Amino acid sequence: MLLEENIMVISLDRTSAGNSTVKSIGSVLESWAPKALAESYDNPGLQVGRPDRRVKKGLIALDMTPQVLQEAIENRCELIITHHPLIFSPLADLTPHSYVSGLALALAESKIALYSSHTNLDSVRGGVSFALAEQLGLIDVDFLMPKDDCVVKLITFTPAESASHVREAMTAAGAGQIGQYSGCAFETTGKGYFTPGSDTNPSIGEPGGPSQSVEEIKIESEVTKWNLPAVLAALHASHPYDEVPYDVFPVKQPFRNAGLGAIGQLKVPVSLRQLLTSISSRLQNPALRYAGDLDKQIERVAVCGGSGSKYLGVAQRAGADAYVTADVTYHTFFDSLHVDGRHGIALIDPGHYESERITEKLLLDYLQENAPDVDWKRTSTRTAPVRTFIP
């Protein structure tokens with residue numbers, strides 16, 4: 001009904017595809033934007049398709065639409081990468097009688113996979129909000145709101161002669177990343193004691209033998225939660241003991257390499273009127289919604305691609321003169337005012353699509369560099385269903 005009349009569903013011969021698969025491309029994206037960073041309501045990752053499908057051509061779009069699917073078919077693509085997931089909630093059926101299920105069905109029938117990188121891509125350094133900040137000409141950009149609860153402290157104990165080997169293996173697996181520094185660890189010396197059981201295979205002493213002591217090194221390193229399984233695997237593979245001793249503790253502090261939104265400086269302060277003119281031009285939107293004093297000087301600007309109005313208070317506390325985000329409700333604009341009704345922080349809504357359209361280029365540039373055997377194309381379709389009427 002909805003899709004059958006408008007989309008030519010065909011099965012393509014993809015036996016001549018390159019070395020990349022849907023799964024390997026997903027891994028490439030997740031090495032930058034781990035799915036563990038996604039918000040709880042989100043559903044990033046592979047939405048439709050077989051992980052082992054080989055990919056020769058890929059199409060990148062902000063949203064999944066029938067027009068994007070038709071474009072992928074015409075370009076003989078095996079994979080579509082979008083920012084916004086098509087499927088947020090479980091589907092009751094896979095039929096052509098609703099937009100989401102019909103489009104998912106058409107993807108499956110066309111044997112074209114769909115992968116989405118959404119709020120996890122919003123949350124990484126160099127992600128969506130950083131790209132928006134760069135598009136608006138901001139410098140000295142950092143996270144508006146660093147994420148907490150991303151890191152654990154991993155502690156292990158190893159014989160002195162094995163410490164370097166174990167620490168280097170953990171580092172290679174991703175342990176010890178603090179800000180822009182890698183391989184960060186701390187070592188202390190001490191003496192460990194143990195009594196081997198009868199069914200053990202101790203590196204020192206005998207099974208069922210007497211108590212032993214050994215000079216050991218205690219190694220401490222920070223590990224992101226999504227890297228912990230790989231680091232533990234490296235620890236077990238490199239450690240000489242048959243029973244590897246380790247502890248994992250939560251670290252309650254902001255993580256410098258993950259967060260939401262971005263904040264930076266304009267190279268030269270401008271009036272709000274000038275800033276609005278610049279945003280309108282750079283984001284190609286002739287009509288902006290805003291609250292603020294047009295003559296106010298703006299120097300420090302916070303941004304959040306997509307629906308970020310709930311972080312207005314964070315932008316205010318960060319000392320931003322203006323905050324650029326989308327989907328701002330009528331009542332949220334009141335929250336930008338002082339208690340006496342005077343304008344405070346300038347609040348600017350350029351539109352959801354307009355604030356995130358740069359994501360298509362962001363993904364294109366990244367995938368062309370990190371999955372170069374695939375012929376990547378950015379969609380020529382404006383995927384937003386919303387239009388602005390200017391009489």
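When only residues in segment 34-63 that are in contact with a helix residue (DSSP H, G or I) (Cβ under 7 Å, 6 or more places away or on another chain) and farther than 30 Å from R125 by Cβ count, which is least open to solvent (accessible area, probe 1.4 Å)?
Ranking the candidates gives R53 first.
From the residues in segment 70-80 that are touching a strand residue (DSSP E or B) at 6+ places or on another chain (Cβ under 7 Å) and in a helix (DSSP H, G or I), which one is surrounded by the fewest Cβ atoms within 10 Å (Cβ to Cβ)?
The first filter runs over segment 70-80 and keeps only residues touching a strand residue (DSSP E or B) at 6+ places or on another chain (Cβ under 7 Å), leaving 71-72, 75-80.
Next, from what is left, pick out any that are in a helix (DSSP H, G or I): 71-72.
Values: E71: 18, A72: 26.
The qualifying residue surrounded by the fewest Cβ atoms within 10 Å (Cβ to Cβ) is E71.
Considering only residues that are in a strand (DSSP E or B) and open to solvent by less than 30 Å² (accessible area, probe 1.4 Å), which ones fall in segment 294-337?
If we filter segment 294-337 for residues that are in a strand (DSSP E or B), which is where we start, we get 297-307, 322-326, 337.
Scanning segment 294-337 gives I298, V301, A302, V303, C304, G305, G306, A322, Y323, V324, T325, A326.
Of the conditions (1) touching a helix residue (DSSP H, G or I) at 6+ places or on another chain (Cβ under 9 Å); (2) surrounded by 23 or more Cβ atoms within 10 Å (Cβ to Cβ), P66 satisfies every one except a single condition; which number is it?
Failing condition for P66: (2).
Only residues that are assigned to a helix (DSSP H, G or I), within 22 Å of S238 (Cα to Cα) and of a type outside the set (S, T, N, Q): list them for segment 116-170, please.
Of all residues in segment 116-170, those assigned to a helix (DSSP H, G or I) come to 119-122, 128-135, 160-170.
Then keep just the ones that are within 22 Å of S238 (Cα to Cα); that gives 160-170.
Listed by number, the residues that qualify are A160, E161, A163, H165, V166, R167, E168, A169, M170.
Looking only at segment 257-281, filter to residues that are crowded, with 19+ Cβ neighbours inside 10 Å and in a helix (DSSP H, G or I); which one of those is farthest from the chain's Cα centre (by Cα)?
L272
How many of the residues in segment 187-227 are under 17 Å from A169 (Cα atoms) and open to solvent by less than 30 Å² (accessible area, probe 1.4 Å)?
Residues that pass the stated criteria total 5.
Looking at (1) among the hydroxyl-bearing types (S, T, Y); (2) modelled with pLDDT under 95; (3) within 20 Å of H84 (Cβ to Cβ), can you tell me which one T65 breaks?
(2)
I'd like to check something: does segment 16-31 contain any residue that is open to solvent by 40 Å² or more (accessible area, probe 1.4 Å), at pLDDT 95 or above and among the hydroxyl-bearing types (S, T, Y)?
Yes, that holds for at least one residue.
The values are calculated or read from the model by the stated rules, or taken from the named source; none is laboratory data. Treat the numbers as computed from the prediction; the structure is a model and nothing was measured. Glycine also receives a Cβ, built like all others from the backbone with ideal geometry; neighbour counts cover every protein chain displayed. Just the protein is used for accessible areas: all its heavy atoms, side chains included, with ligands, DNA and RNA removed. Shrake-Rupley method; radii C 1.70, N 1.55, O 1.52, S 1.80 Å.
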